[in-house]
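The values are calculated or read from the model by the stated rules, or taken from the named source; none is laboratory data. Just so you know, these numbers come straight off a predicted model, no measurement behind them. Cβ sites come from the backbone with ideal geometry, for glycine too, and all protein chains shown count toward neighbours.
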Amino acid sequence: MLTPSSPDPLPSLLPAGSPSGLLIEGDNLPALRALLPRLRGTVKVIYLDPPYNTGNAHAYHDRFGTTGLSRGAAGHADWLDFMRPRLELARDLLREDGVLFLHIDDRESAYAQILGHDVFGERNSLGTLIHQRAKGGGNARSFVRGHDYIHVWGKDSSQVGPFVTEKKPPARYEAIDGQRMLVEDDVLRVSFGRYRRGEERRLMYEDIESVRGAQKLAQVDARIAAGEYALRPWGEPDPATGQQKHAVVRLTPAQDATSKLYSIIRVMNAEGSADLERLGLGGIFGYPKPVELLRVLIESQTWNDPDALIMDFFAGSGTTAEAVLRANLRDGGRRRFILVQQPEPLRQDYSSTGGRSMPAAASGDDAADTTAEAADPEDGDPPPPARAAAPTFETISAFCAERVRRAVAAHVESGGDPVALTVLTQEELVRSLASGATPPV
Ligand SMILES: C[S@@+](CC[C@H](N)C(=O)[O-])C[C@H]1O[C@@H](n2cnc3c(N)ncnc32)[C@H](O)[C@@H]1O
């Protein structure tokens, strides 16, 4: 079902009502400009993980500015010039209740935040999440950096609902009559306040009337009749009478069992490498984000919006696409995704990098950094695992396309709905938008 704010903007490329995805192999600036007339105001979530401007050896160009290692203001200014038009396009693509997640590390975080305030308006800032990505390690000069920042803005913050996530343990889930339910056994208490260790605080069903009165018992009975509560035998039967008491448990369908998202999200970056290995693509792209992190972010704003359109135009290895599939698998949703990744050369030099990928045509400062920064000593991330025999790819976008294809195949194998995936070059995109014809898939 499409919401009124998300009409079917690209029927031939992203058919509505069924899961589908579009990957554009090209520079995101012209690609977004081409898409904007069709997609304006239709995207619910945009996740951006742009180059951090660290100058480190990565699969992609990660250095802005031209003044060597101590680039200072020049590097920041170039990075800001690169980001501003892209953030402005992101803002225009978002629905009124849409949100943008901007993932960044220390180097550009402050600049990114001020740029975002400028583009979205500070009143539309929703705050900053911390992504704890590593536990320790590294030979830090000062301290081990184990986290990044995710700045969040709404197109119109007053229209953005709460960010939610599935209730975590001690919450317990059980399949009841084929439906996944949250089971809470601590909903009725003997009294309010503190309890001594080992003291039973649950009020047993058999004691409700004597402790809380007949009216409370009637309320509980009504909720049992409505299927909201159930009774569970609790503790041992009374040795004298043989009577078995029962706890009152609350049953909530899993899709309604949410808590507010906590501002610190802990998903190790090493999981991102494992995600690629599971698809037979390990050791090719350094430091992909973990699928689980992206799933949490995407679901936080699409929990009750399973037809939402999700976008990532710094797609890298394509993590966002797999996260959308995972979210759909969990709730049977039909979320669709658009990724943009430029066909940047992907050099795979495993002997010197421990499996990390590097730009093929690094030059000048980039080339110098490539060897100098095989591993950031202050970074708590372990180096990616060495590559097993794996296919080779000339460009990052080709790698991304293959990852998304494999993720789609794995999704269908796990019982997910088929996904219509379209991969286009930028030129094909422009042609197909101009003609309105269905492009080659
Ligand atoms: C930090 S990586 C993203 C990693 C990704 N989140 C993942 O999990 O794999 C940034 C990516 O943006 C891409 N990129 C940089 N500039 C771009 C541009 N102008 N258009 C499209 N992609 C670009 C780089 O090639 C790189 O793959």
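Table for the structure above
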quantity	calculated
Given (1) at pLDDT below 90; (2) part of a loop (DSSP other than H, G, I, E, B), index of the condition ALA134 fails	(1)
Some residue of region 286-304 being within 10 Å of the ligand (Cβ to nearest atom), modelled with pLDDT under 95 and more than 23 Å from LEU13 (Cα to Cα)	yes
Checklist (1) closer than 22 Å to GLY286 by Cβ; (2) within 11 Å of the ligand (Cβ to nearest atom); (3) modelled with pLDDT of 70 or more; (4) not small (Gly, Ala, Ser) applied to LEU32, failing item	(1)
Restricting region 128-154 to residues that are out of contact with any strand residue (DSSP E or B) (no Cβ under 7 Å at 6 or more places or on another chain) and not small (Gly, Ala, Ser), the residue that is surrounded by the most Cβ atoms within 10 Å (Cβ to Cβ)	VAL144
Number of the exception - GLU25 against (1) at pLDDT 75 or above; (2) under 25 Å from HIS131 (Cβ atoms); (3) buried (at least 24 other Cβ atoms within 10 Å of the Cβ); (4) within 15 Å of the ligand (Cβ to nearest atom)	(2)
Residue tally, condition of a type in the set (Gly, Ala, Ser) and over 8 Å from GLY380 (Cβ atoms), over region 126-139	1
Matching residues in region 73-111 - criterion: being under 16 Å from SER125 (Cα atoms) and without any contact (Cβ under 8 Å) to a residue 24 or more places away in the chain	ALA110
Pairs with Cβ under 6 Å, 6+ apart, first in region 317-344 and farther than 19 Å from LEU93 by Cβ, second acidic (Asp, Glu)	ALA327/GLU299; ARG334/ASP307; PRO343/GLU25
Matching residues, region 137-161, being in a loop (DSSP other than H, G, I, E, B) and touching a helix residue (DSSP H, G or I) at 6+ places or on another chain (Cβ under 7 Å)	LYS155, ASP156
Enumerated strands (runs of 3 or more DSSP E) restricted to region 214-327, each holding at least 1 residues that are over 23 Å from SER157 (Cβ atoms) and not assigned by TED's automatic domain parsing to the domain that holds LEU36	229-233, 246-253
Failed item, numbered, when ALA321 is tested on (1) within 14 Å of the ligand (Cβ to nearest atom); (2) more than 21 Å from LEU13 (Cβ to Cβ)	(2)
All positions within region 233-257 that are closer than 15 Å to ARG189 by Cα and either at pLDDT 95 or above or not small (Gly, Ala, Ser) (or both)	TRP234, LYS245, HIS246, VAL248, VAL249, ARG250
